[in-house]
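Notes follow once the structure below has been shown.
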Amino acid sequence: MSVSIVLVLASIGVASLFCQWLAWRVRMPAILFLLAGGLAAGPLLGWLQPEPLFDDLLFPLISLAVAVILFEGSLTLKYQEIKGHGRMVRNLIPVGSVVTAVIGTLAAKWVLDVSWPVALLFGAISIVTGPTVIAPLLRSVRPKQNLANILRWEGIIIDPVGALLAVLVFEAIISWGQGNVFWHSVYIFGKTVVVGMVFGAVAGWLNGVALRKHLLPHYLHNAGTLTFMLGVYALSNELAHESGLLTVTVMGIWMANMKMVPIDDILEFKESLSVLLISALFIILAARVDFASIADLGWGLVAVLAILMLVARPLSIVLSAIGTSLNWREQAFLSWIAPRGIVAAAVSALFAFQLENQGYEDAGTLVPLVFMLIIATVTIQSLTARPVAKALGVAEPAAFGFLILGANSGARAIALALQKKEIPVVLTDTNWENVRQARMDGLRVYFGNPTSEHASTHLDLTGVGKLLVISPYKQLNSLATYHFLDWFGANSVYSLSEGEQDAKASHQTAEKIQQTRGLFNDLSYPKLASLMSRGYTVKTTQLSDNFTYEDFIARHEGEARVLFVINDKDKIHPVLAGEEVAPDTDWQIISLVPPKAARDRKAEEAAAQSTSGTA
């Protein structure tokens, strides 16, 4: 029975969404399930056959999708981020890239006996890890903060850098293969690089100026930038053959480093685009993989993968760690973690397709080789990273820190009190002024929506395992509560009550959210803001036999509100609605206390009235 093309396309979309959901539920990189879905639909069941389905449109669709991936990835490459994350990250980009590329090239050439062009391209592609596979792994492993930062920023930066290297290598291969005269090949390659660099820089500058000067309405920023980028890509290919990928990469890097260009919304747009386009792309790419091609590689494939994982990566880490303070245990952990990601799969499929059209007979080995590298690294390292971290002693202890939604004055005061007790705390807010003030107070902070894909890559939750919702943004509060209930667990998400609105039927929220309410003994955000404006402060008090909890209550005449209790084992617990606070004499309490006790204020008022009456 023939199946309609519309049904096949719709099914690809549904399958990609299911794979994304499944990855979210089991806390593993989505690329693993997307590739598995493609392999099942393609070579296993024979249900999806991309070549007959798309015919002549297959190559243009893949090339446009790869252009989007490279452009979005390059938008995250900011020069100050390379400089601001330590010597190890700065070393890993050039040193680690060169070492991995050289060893990967030689392994593919000598072990599998592929042609030099295919070997060089594999070596270039094999350096790319990427945040889409690193971020979920770090969340499940929770290594020490310095190691998490190294791996996270390596993935973010190496994504566009590795793609750019792969594009340059590919352009060189194509240029050298188009003519027998050496200088002619140099001319073709030089033309491609110049057009890509210049055209990309000009296009990035023009688009950045248009966004900065608001020459486009806000609702056209995302669509306009995407459309302009695709147009630039196509035009660049017309000016110089296959220069478009280099052009869009340079364009994204240029925009990312321009001042006052609002690219955050464009990056958030990537989330929907990833689900609708990139996820479907990987199912299609995996469906093209031929199991026979994998079998033909034989044990040589296993040898190449082993060389990359057990030789290239450790050597890259050891050389990059020279001059740093990393010990051998930390270096060993970094040596084991290098899962390959989305960019590697997309670029390999596109370049293999083009090399085949250029007459390279062994170009077909590139796709199974890269796909097996992705599957092996993601699967093996996802399953073993946590035990390896524990064995090496580089895993963080239980995540007892707090993510605070809100960076307002009350949230900042609470965060400072927690930080003084050496409790990990991160604040997140969509209000820039609040974020700026929190940074001035020396607090870790994330500017933006904590449930976004951008946050999944850039929000550092090392040591954090609980959420405190202390913000006035009701819609964001509910969204964050749902998101982190699934991530942190039901007993680790706490939010302030909504005060009188909770009693109104029109404002009733889902039971799942209602169960999180009651933080700080049912304190509402308006009440907290009111108390802070009246001069209340957050204070930590050590109880003892000489100053008991009853003495504390008496001193503040019942006006203090206890927020947290810290027991004799330094375990902290927020006070919830209906809980009876009865700390022992050797415990500590963090509380919201008035500027002065009631009796002191009454005495001052009486003295003022007496003075006024005498006058």
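The values are calculated or read from the model by the stated rules, or taken from the named source; none is laboratory data. Since the model is a prediction, treat every value here as computed from it, not as a measurement. Virtual Cβ from ideal backbone geometry, glycine too; neighbours counted across all protein chains shown. Keep in mind that these areas ignore ligands, DNA and RNA; they rest on the heavy atoms of the full protein, side chains included. Shrake-Rupley method; radii C 1.70, N 1.55, O 1.52, S 1.80 Å.
Values computed for the structure shown
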read-out	value
Å² per residue, accessible surface of region 334-477 at 1.4 Å	34
For the chain, size of Cβ-based charge dipole, Lys and Arg +1, Asp and Glu -1, in debye	1180
Loop-exposed GluC sites (Glu not before Pro) per DSSP, neighbour cap 14 Cβ within 10 angstrom, longest uninterrupted part of the chain	1-421
Accessible area of the chain belonging to carbon and sulfur atoms, whole % at 1.4 Å probe	61
Pairwise label distance in nanometres, SER140 with ALA223, each label 7 Å out on the Cα-Cβ vector	3.9
Förster radius 60 Å - calculated FRET efficiency between ALA554 and ASP460 (Cβ-Cβ, nearest 0.05)	0.90
Cα-projected label distance for LEU416 with VAL98, points at 7 Å along beta-carbon direction, nm	4.8
Length gained when the stretch LEU319-TRP116 is fully extended (0.36 nm per residue, less Cα-Cα span)	70.5 nm
Assigned charges on the beta-carbon of Lys, Arg, Asp, Glu; region 433-499 dipole about Cα centre (debye)	120
Heavy atoms of PHE488 accessible to a 1.4 Å probe, total area in Å² rounded to 10	40
Neighbour-limited loop hits for chymotrypsin sites (Phe, Trp or Tyr not before Pro), region 526-584 (at most 16 other Cβ within 10 Å; DSSP other than H, G, I, E, B)	PHE547
The chain - share of DSSP beta bridges that are antiparallel (%, nearest 5)	45
With eigenvalues of the C-alpha gyration tensor scaled by 5 and rooted, region 285-426, Å	42, 21, 14
Separation in nanometres of the label points that stand 7 Å from Cα toward Cβ, at ALA303 and ASP441	6.1
